[in-house]
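What follows is one structure encoded as structure tokens, with my remarks underneath.
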Amino acid sequence: MSDLHRPGLENVIASETAISYLDVEKEEIVIRGYDLIELAQKVTYLDIVGLLLDGVLPTLSERRDMEMRIQEAYGLTENIRSIIELLPEQANVMDSLRTGISALASYEPELDDRSQEANDRKAIRLLAKVPQIAAYAYRSKMKQPFIEPDLDLSYSANFLYMITGQIPTQLEEDIFDQSLIVYSEHEMPNSTFAARVIASTQSDLYGALTGAVASLKGTLHGGANEAVMIMLLEAGSEEKLEEHLLSKLRKRERIMGFGHRVYMNKADPRALLMKKALAELAIIKKRPELYNMCVLGEEVMFREKNLHPNLDYYAAPVYYLLGIPIDLFTPVFFAARTVGISAHVIEQHNHNRLFRPRVHYTGPRDLHPTVTES
Ligand code: ACO
């Protein structure tokens, strides 16, 4: 049995899926047959929602219909708001989001209906509620008033508006939408695996997503985007960044936003797209030094460790320039990923096999209990 042991399940095929696949050789992120990067340049986040949930890109009228169904599902009940408000000021927004999604389950009329149709309806409701909970949790923590959704705005523009209170420009909306697309789905990261493991017991979508939030919070996964921004701000300037990184590396610290279990020593195609977005945004926002600083960090890390940036490295400064508070970077990542994880839970429910692996036992054997005096 022990020769089957792969620490961290590295390179282990855990599932069959028709949703997505990282073709590292061809540097392509395959999403239901399409290349994620091409999708991000040609369609909107809501098209990706349709593609992930229904298996095909929606027509314009199907997309409008889906948008209407999401809009109908907006709204947080007093109870959900009160639960979030009860959390202390120091609560991490990912923890509030986890609590909020968990609480929502108790109000879900189709909670235990695991049919494809019911799961699709729940996923649409979650696509409305998750961004609202994230925005609400942050604003409640900061004692800022809640911003009701603006139904005249697109899904992405409204999400940004509920966070910042400002109606985004077309460029800001496009870049944010693109970031949601590149965050929407990525094969079998820890959070998706966690959700599939939970779903495999015939547990519900909300429970699977609640577990996935906890997984995605960690800095080796989604939490890295917040850690990247904190590191860039700590470094302070392009001049100081190199020494900042070198001193961390001397202490054998991990540099957030670099490396990836699957890409290993290859570039993350999503990071390249967000790098382009940052270049554009940095000019418009008159913050070219932030872009230059990030590029320098990339060069230092390649020279010192042969490591490439992952998506979080460039998404972080993009979100910063879009005016998103750092505490919301990882919740936004989760909100974008809600659809991908939901698609995986639905697939797991449709073709289920309980996850129940074995262990390579390294503890003692043949002990016998004896009662001692003291
Ligand atoms: N900084 C410094 N060294 C690193 C980093 C890093 N970010 N990533 C990997 N390494 C080094 C390791 O120290 C190790 O070196 P060694 O062999 O000399 O000890 C070598 O590269 C291999 O690292 P592993 O830990 O085996 O790689 P693993 O596949 O487990 O790690 C991970 C992948 C967790 C993403 C890692 O690269 C990391 O910690 N990165 C920083 C956190 C991060 O950015 N996470 C976001 C992931 S992407 C996402 O969620 C969108």
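The values are calculated or read from the model by the stated rules, or taken from the named source; none is laboratory data. Just so you know, these numbers come straight off a predicted model, no measurement behind them. Backbone-built Cβ (ideal geometry, glycine too); neighbour counts: all protein chains shown.
Which of the residues that make up segment 65-96 are part of a loop (DSSP other than H, G, I, E, B) and surrounded by 11 or more Cβ atoms within 10 Å (Cβ to Cβ)? Give the derivation first.
Initial filter on segment 65-96 (part of a loop (DSSP other than H, G, I, E, B)): 74-77, 87-92.
Hits for segment 65-96 are 74, 75, 76, 77, 87, 91, 92.
Output the qualifying pairs, or none if there are none: Cβ atoms under 7 angstrom, residues six or more apart or on different chains, first residue in segment 82-105 and touching a residue at least 40 places away in the same chain (Cβ under 8 Å), second residue not in a helix (DSSP H, G or I).
96/87; 105/111; 105/204
Determine which single condition residue 283 fails, assuming it passes every other condition in (1) out of contact with any helix residue (DSSP H, G or I) (no Cβ under 7 Å at 6 or more places or on another chain); (2) surrounded by 14 or more Cβ atoms within 10 Å (Cβ to Cβ).
Failed condition: (2).
Within segment 143-185, take every residue that is part of a helix (DSSP H, G or I) and of a type in the set (Gly, Ala, Ser) and give me the one that is nearest to residue 20 (Cα to Cα). If you could, list the steps in order and put the result at the bottom.
Of all residues in segment 143-185, those part of a helix (DSSP H, G or I) come to 155-164, 170-184.
Retained after the next criterion (residues that are of a type in the set (Gly, Ala, Ser)): 156-157, 179, 184.
Details: 156: 23, 157: 26, 179: 18, 184: 11 Å.
Within segment 143-185, the match that is nearest to residue 20 (Cα to Cα) is 184.
Considering 149, 189, 145, which residue is buried (at least 18 other Cβ atoms within 10 Å of the Cβ) and closer than 26 Å to residue 81 by Cβ?
Every option except 149 fails the conditions.
Which of (1) within 12 Å of the ligand (Cβ to nearest atom); (2) not in a loop (DSSP other than H, G, I, E, B) is the odd one out, the single condition residue 240 does not satisfy?
(1)
Scan 232, 153, 216, 220 and give me the residue that is in contact with a helix residue (DSSP H, G or I) (Cβ under 9 Å, 6 or more places away or on another chain) and away from the ligand (no atom under 16 Å from the Cβ).
Values: 232 fails: away from the ligand (no atom under 16 Å from the Cβ); 216 fails: away from the ligand (no atom under 16 Å from the Cβ); 220 fails: away from the ligand (no atom under 16 Å from the Cβ).
From the options 232, 153, 216, 220, the qualifying one is 153.
Report, ordered by the first and then the second residue, all pairs with beta carbons closer than 6 Å, sequence separation of six or more or different chains, a first member in segment 256-283 that is of a type in the set (S, T, N, Q), and a second member that is near the ligand (Cβ under 9 Å from one of its atoms).
Sorted first by the residue in segment 256-283, then by its partner, the pairs are 265/306.
Taking the options 16, 25, 62, name whichever one is surrounded by fewer than 16 Cβ atoms within 10 Å (Cβ to Cβ) and farther than 22 Å from residue 120 by Cβ. Full working, then the answer.
Working: 16 fails: farther than 22 Å from residue 120 by Cβ; 62 fails: farther than 22 Å from residue 120 by Cβ.
Exactly one of 16, 25, 62 is surrounded by fewer than 16 Cβ atoms within 10 Å (Cβ to Cβ) and farther than 22 Å from residue 120 by Cβ, namely 25.
Pairs under 9 Å by beta carbon, first residue modelled with pLDDT of 95 or more in segment 47-62, partner loosely packed, with under 15 Cβ neighbours inside 10 Å and acidic (Asp, Glu), six or more apart or different chains?
So the pair list comes out as 58/65.
Can you tell which of 197, 213 is over 15 Å from the mean Cα position of the chain (by Cα) and either free of Cβ contacts under 8 Å to residues at least 40 places away in the same chain or part of a helix (DSSP H, G or I) (or both)? Break it down into steps so the answer makes sense when it comes.
On the way: 213 fails: over 15 Å from the mean Cα position of the chain (by Cα).
After applying the criteria, what remains is 197.
Within segment 290-318, track down each residue that is away from the ligand (no atom under 13 Å from the Cβ) and either of a type in the set (A, V, I, L, M) or within 30 Å of residue 134 (Cα to Cα) (or both).
Hits for segment 290-318 are 290, 291, 293, 294, 295, 296, 317, 318.
Find the residue count for segment 196-217, including only residues that are among the hydrophobic types (A, V, I, L, M, F, W, C) and over 26 Å from residue 314 (Cα atoms).
We begin by selecting, within segment 196-217, every residue among the hydrophobic types (A, V, I, L, M, F, W, C); these are 197-199, 205, 208-209, 212-214, 216.
Those still in the list that are over 26 Å from residue 314 (Cα atoms) too: 197-199, 205, 208.
Qualifying residue count, segment 196-217: 5.
Quick check: is even one residue across segment 127-137 in a helix (DSSP H, G or I), in contact with a Pro (Cβ under 7 Å, 6 or more places away or on another chain), within 19 Å of residue 327 (Cβ to Cβ) and among the aromatic types (Phe, Trp, Tyr)?
No; the residues of segment 127-137 include none that is in a helix (DSSP H, G or I), in contact with a Pro (Cβ under 7 Å, 6 or more places away or on another chain), within 19 Å of residue 327 (Cβ to Cβ) and among the aromatic types (Phe, Trp, Tyr).
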